[in-house]
Amino acid sequence: MYDTDSPNYAEYAVEKKVEGSLRARRLLMILLYALIAGVYFGVCVTTFVALIAVLPMLMLILIYFTWPYVSYDVSWRFSAGKMTFYRVYGSRSRRIEKQTLTVETKNALYVGTPDSERGKAALSSARRVYDFASSASDSDAAILVFKQANGAVSAVRFNCIRRLAKLLRVFAPMAELDSLSMRF
């Protein structure tokens, strides 16, 4: 039996939309590309003009290896009470899945929607908020506020699906469940 055949398994992946800090990082990356090209061009003009022909190839190589870090997908996997969040970098031919956060749902304090009153109060009590939702304005966004091993309260924002909402009701018995089940 595979994990995906298990009744206690759910998985979801979505492309991260370009907004907020991701938009600012992309803009800084583009400015960095322009600065590197300008400096290289300036050095080549003053020393050896023939190296200017290499500039387009160097820029393509630089963009190929650095752009995936500002254009990525986010995903999560739920398996028997553990929720693992990933960032997926790269294209179809070269995908790198980086595990970013693992949450034991038995340590959940609150599970619900971020736009409700209880959700806003739970988010304000969290010291750190991880964002794994595709967009800040998603209608299917949910939050899970949990206590870490060191006692700090953190929250994770993610896109929720119906299957996960049902599983969280079972695997997060101590959590204060909000209107999450009503939406899905």
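None of the figures in this text is laboratory data; all of them are computed from the coordinates on show. Computed from a predicted model, the values in this text were never measured in an experiment. FYI the Cβ positions are ideal-geometry reconstructions off the backbone, even for glycines, and counts take in every protein chain you see.
A few points about this structure:
- Applying 1/(1 + (r/R0)^6) with R0 = 25 Å to the Cβ-Cβ distance of ALA136 and TYR69 gives a FRET efficiency near 0.80.
- Order by protection proxy (mean Cβ within 10 Å, highest first), peptides 57-66, 128-137: 128-137, 57-66
- For LEU109, residues with placed amide H under 5 Å, excluding near neighbours: VAL145, PHE146, LYS147
- At R0 = 30 Å, FRET efficiency that the Cβ-Cβ distance of LEU22 and LYS166 yields, to 0.05: 0.45
- Projecting the Cα positions of SER135, LEU62, SER154 onto the charge dipole of the chain (unit charges on Cβ atoms of Lys, Arg, Asp and Glu, taken about the Cα centre) puts SER154 furthest along the positive direction.
- Tensor-based shape of region 22-69 (alpha-carbon gyration tensor, a/c under 1.5 rounded, otherwise prolate or oblate): oblate
- Ordering of 72-80, 42-50 by packing is 72-80, 42-50, highest average first (other Cβ atoms within 10 Å, averaged per residue).
- Positive-pole candidate from VAL14, ALA165, ALA126, dipole of the chain, charges at beta carbon: ALA126
- Region 10-56 and region 110-135 have Cα centres separated by 34 Å.
- Cross-linked pairs LYS16/LYS98; LYS106/LYS147; LYS98/LYS166; LYS17/LYS166; LYS16/LYS106; LYS106/LYS166: Cα-Cα separations exceed 21 Å for LYS98/LYS166; LYS17/LYS166; LYS16/LYS106.
- Rounded to the nearest 20, the size of the Cβ-charge dipole of the chain about its Cα centre is 160 debye, with Lys and Arg at +1 and Asp and Glu at -1.
- Couplings 3J(HN,Hα) for region 17-24, derived from phi with the Karplus relation 6.51 cos²θ - 1.76 cosθ + 1.60 (θ = phi - 60°), are 6, 7, 7, x, 5, 5, 5, 5 Hz, where x marks Gly and Pro.
- Cα gyration tensor category, rounded, prolate or oblate, for the chain with a/c compared to 1.5: prolate
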